[in-house]
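Notes to accompany the following structure.
The values are calculated or read from the model by the stated rules, or taken from the named source; none is laboratory data. Note that the structure is predicted; figures quoted are calculated from it, not measured. All Cβ positions, even for glycine, are placed from backbone atoms using ideal geometry, and neighbour counts span all protein chains on display.
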Amino acid sequence: MRILLDESVPERPGPLLVGHSCESVRRRGWKGLENGRLLAAAASDLNVLPTADKSMAYQQNLATWPVSIVIMLAHVNRVEDLRKVVPAVL
């Protein structure tokens, strides 16, 4: 699966997503894209967008996008906390 880590997710958990190709919004040069434009850009060749942006589900009609959105619910957006939710993402 091709995974794109949202701007709200630190890049360091990427290697924990074992067995999948993982990139970040920053490395793709998409930092600062609004959610709708980001989803449109990701739709062409990516499968999953893990994000810590809890409001994305309310701002976008996620059923219309071919990219699956995974909202990573952690206490705070630090690598140590996000690492705990990686098994659920997988």
Evaluate the following for residue 11: is it outside any helix (DSSP H, G or I), touching a Gly at 6+ places or on another chain (Cβ under 9 Å) and free of Cβ contacts under 8 Å to residues at least 60 places away in the same chain?
no
Looking only at residues that are closer than 17 Å to residue 9 by Cβ and in contact (Cβ under 8 Å) with a residue 40 or more places away in the chain in segment 33-55, which one is surrounded by the most Cβ atoms within 10 Å (Cβ to Cβ)?
49
Single residue of segment 14-55 satisfying the filter (among the β-branched types (Val, Ile, Thr) and either over 11 Å from the mean Cα position of the chain (by Cα) or part of a helix (DSSP H, G or I) (or both)) that is modelled with the lowest pLDDT
18
Can you pull out every residue in segment 64-90 that is surrounded by fewer than 13 Cβ atoms within 10 Å (Cβ to Cβ), over 13 Å from residue 48 (Cα atoms) and not charged (D, E, K, R)?
64, 73, 75, 76, 87, 88
